[in-house]
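Below is one structure, written out as structure tokens; the observations come after it.
Rule-based calculations on the coordinates, nothing more; no lab input. Only a predicted model underlies this, so the values are computations on that prediction, with no experimental measurement involved. Every residue, glycine among them, receives a Cβ derived from its backbone with ideal geometry; neighbour counts consider all protein chains shown.
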Amino acid sequence: MLKLKDTLTGKLQDFQPLEGNHVRMYACGPTVYDFAHIGNFRTYVYEDILRRWLKFKGYQLTHVMNITDVDDKTIRDSKAKELAQLRAYTERYARCFFEDCMALSIERPDKVVNATDHIPDMVHLIQKLVESGHAYKKDDSYYFKISTYPKYGQLAKLDFDGMKIGASVDIDEYEKEDVRDFALWKAPKDEEPFWDTPIGKGRPGWHIECSAMSMHYLGASFDIHCGAVDNIFPHHENEIAQSECATGKPFVRLWLHGEHLMVNGEKMSKSKGNFFTLRDLLGKGDSPRAIRYTLSSVPYRKPLNFTSESVQQAQSAIGRLEEFLLRFETDTFPEGVNERVEEACRTARDKFVAGLDDDLNTAGALGAIFEFVRQGNTAIGEGSLCQGNVASISTLFDDFQAIFPVLKDPTRQILDSQIEALIAERNQARRERNFKKADEIRDQLLAQGIILEDTRAGLRWKRKE
RNA sequence: GGCGGCGUAGCCAAGUGGUAAGGCAGAAGUCUGCAAAACUUCUAUUCACCCGUUCGAUUCGGGUCGCCGCCUCCA
């Protein structure tokens with residue numbers, strides 16, 4: 001049974017979709033004004049693990065992600081005066097975002113939707129809120145009236161009565177009735193792109209897009225809404241207010257929020273300027289698989305301190321798994337079945353499943369796999385691993401790879417004939433105990449990125465990373 | 001000021017009211033022409049600290065200290 005922790009109730013809950021076997025899930029996507037940084041990708045990686053795990057469990061999944069392609073920052077950085085300019089600017093970064101996702105083996109959500117393609121949905125939602133008295137118009141902008149929604153603050157656990165609001169009032173150019181009221185629709189400013197709609201000219205506020213689009217694709221009530229902790233307030237708090245006031249129905253069943261990625265013990269964020277992008281890391285030689293592993297290795301509800309050392313450790317850990325698989329694929333095994341290995345395999349699988357079922361405890365799931373690797377290595381070493389064990393081990397690693405896609409493509413790489421000839425020549429030299437020549441050939445191949453290992457089962461080779 | 005979270009070996013980190021998974025790094029040994037890999041053993045009598053509940057607490061309750069986040073745009 002999959003259990004997930006819900007931010008709203010703070011409790012671990014048995015997961016059960018609202019409608020049969022169908023899971024409807026919405027994930028807050030990027031604001032495409034710049035490259036996403038590695039902290040952003042921590043969130044997308046945990047969402048991808050959730051996505052993969054739900055599918056693994058046999059659920060039918062509809063996973064929607066938005067692209068915020070209009071907001072203060074996209075307008076500011078694009079310097080766009082018209083919508084077409086804005087679109088051209090944001091499309092570039094959206095493209096880069098999905099390139100980065102692909103590098104990290106983050107699957108594309110079933111639906112990726114742009115805010116600017118859903119202005120009518122947002123306008124319609126604002127109209128409903130105005131009609132029902134939850135929103136008002138002021139100076140051609142529209143605001144949500146928080147006093148009409150007593151539960152406001154429930155998600156972020158904010159108690160506004162005991163709070164000194166004055167301390168955090170921003171210098172907003174828009175006039176609001178209550179400082180806490182937030183913009184649904186912003187009146188056009190000079191030289192900025194805008195839409196001409198039934199509620200007037202202007203552009204949407206940030207929060208309204210997610211309410212409009214999630215409900216458009218997933219219905220007034222759906223199963224899972226995920227993001228990172230810094231979406232809790234105000235973004236998701238506002239989404240709940242808007243959505244529930246507009247429909248009168250409960251908005252989301254389960255709120256999932258990933259913790260931050262830290263750098264030197266501090267939250268990495270664009271506004272702090274202490275961020276690096278995936279491109280930065282790849283540029284200095286980190287492998288995308290090691291980065292993905294690092295981002296997956298700490299359960300999503302715990303802060304993750306990201307350092308170059310943690311990426312190194314991840315690379316070594318992956319290496320251990322791949323060494324095992326290489327042995328597993330290249331050695332030959334006696335006939336029969338080793339029941340102890342089968343048992344170890346079952347145990348590992350049970351622990352793997354139990355870990356992920358426990359609010360995506362990735363660290364626990366990884367531990368189960370490594371425990372098996374040691375047992376498998378021991379069995380291979382003493383020659384007790386049998387042909388009859390191959391199938392269950394393969395399945396275990398297929399399942400692992402389905403959730404943690406960090407292993408190299410298992411299809412064996414082809415050696416070119418020249419390299420094969422050198423290997424044959426070295427084998428001959430070794431038989432003749434001409435170790436000097438054998439070592440020269442080994443060094444020569446190493447220079448070409450081919451690592452040779454002599455094992456009891458014969459020569460084994462692999463490519464250097 | 002209010003709210004929330006965290007503090008487990010050199011580093012990363014799981015976990016439970018009954019006596020500490022796993023990974024990385026390190027040491028010794030086995031294997032080996034050497035190398036690599038693998039395996040074995042070792043590396044926290046102890047889970048920030050102090051009280052309390054309990055037969056028993058790292059795990060529950062209270063307090064102290066430290067760190068982080070949110071209350072403003074941010075994954």
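Would you please state which residues of the range A:190-206 a label at A:Lys137 would reach in this model, taking the label point 7 Å out along Cα→Cβ and a backbone N cut-off of under 13 Å? Within reach of a label on A:Lys137, which here means backbone N under 13 Å from a point 7 Å along Cα→Cβ, the range A:190-206 contributes A:197-202.
The angle separating the long axis of helix A:308-330 from the principal Cα axis of greatest extent in chain A is about 50 degrees. A cut-off of 5 Å between modelled amide H atoms, ignoring neighbours fewer than 5 places along the same chain, links A:Leu8 with A:Trp255. Helix A:119-131 axis versus longest C-alpha principal axis of chain A: approximately 40°, rounded to the nearest ten. Calculated on the Cα set of the range A:36-158, radius of gyration then Dmax: 18.2, 51 Å. Relative to the dominant Cα principal axis of chain A, helix A:83-103 is inclined by about 30°.
Here the extension length gained between A:Met1 and A:Gln444 equals 154.1 nm, from 0.36 nm per residue of separation less the Cα-Cα distance. For the pair A:Gln387 and A:Val179, label points projected 7 Å from Cα toward Cβ lie 7.8 nm apart. Across the range A:417-463, Cα pairs under 8 Å and at least six residues apart give a relative contact order of 23 percent. Beta bridges from DSSP with both residues in chain A: antiparallel share about 50 percent, rounded to the nearest 5. With the cut-off at under 15 Å, measuring from each backbone N in the range A:424-465 to a point 7 Å along the Cα-to-Cβ line of A:Glu323 picks out A:451-456, A:460-465. Computed from backbone phi, the HN-Hα couplings of the range A:68-79 come to 7, 10, 8, 5, 4, 6, 5, 5, 4, 6, 7, 6 Hz, rounded to whole numbers (Karplus: 6.51 cos²θ - 1.76 cosθ + 1.60, θ = phi - 60°; Gly and Pro given as x). Peptides A:212-219, A:133-140 ranked from most to least packed give A:212-219, A:133-140, packing being the mean of other C-beta atoms within 10 angstrom over each peptide's residues. For an R0 of 22 angstrom, estimate the FRET efficiency from the Cβ-Cβ distance between A:Ala354 and A:Asn377 and round to the nearest 0.05. For A:Ala354 and A:Asn377, the calculated efficiency is 0.45. Taking every DSSP bridge with both residues inside the range A:220-311, close to 20 percent are antiparallel. DSSP assigns beta bridges within the range A:3-258; of those with both partners inside it, close to 45 percent run antiparallel. For the pair the range A:254-273 / the range A:127-146, the C-alpha centres are spaced 33 Å from each other. Its DSSP H runs of at least 4 residues, each contributing -39,500 (n - 2.57), put the calculated 222 nm mean residue ellipticity of chain A at -14500 deg cm²/dmol, to the nearest 500. Once the Cβ-Cβ distance of A:Asp72 and A:Leu282 is raised to the sixth power relative to R0 = 45 Å, the FRET efficiency obtained is 0.90. Look at the dipole of chain A built from charges on Cβ: of A:Ser417, A:Leu86, A:Thr307, the Cα furthest out on the positive end belongs to A:Ser417.
Using the Cα coordinates of chain A, the gyration tensor eigenvalues translate into equivalent-ellipsoid semi-axes of 52, 25, 18 Å, sorted from longest to shortest.
A Förster distance of 45 Å, applied to the separation of the beta-carbon atoms of A:Glu425 and A:Arg92, puts the FRET efficiency at 0.30. Annotation for the range A:354-455: GluC sites (Glu not before Pro) lying in DSSP loop with at most 12 further Cβ atoms inside 10 Å of their Cβ are A:Glu382, A:Glu432. Take every pair of alpha-carbon atoms less than 8 Å apart whose residues are at least six positions apart; their mean separation over the length of chain A yields a relative contact order of 16 percent.
Of the trypsin sites (Lys or Arg not before Pro) found in the range A:1-107, the ones in coil according to DSSP and having at most 14 other Cβ atoms within 10 Å of their Cβ are A:Lys11, A:Lys79, A:Lys81. Modelled label positions at A:Trp461 and A:Lys128, each set 7 Å beyond Cα in the direction of Cβ, lie 6.4 nm from each other.
Available extension along the chain between A:Glu453 and A:Glu335 is 39.9 nm, counting 0.36 nm per residue and deducting the alpha carbon span.
Ordering of A:262-268, A:198-204 by packing is A:198-204, A:262-268, highest average first (other Cβ atoms within 10 Å, averaged per residue).
Per residue, the average separation of C-alpha pairs within less than 8 Å and at least 6 apart gives the range A:250-343 a relative contact order of 31 percent.
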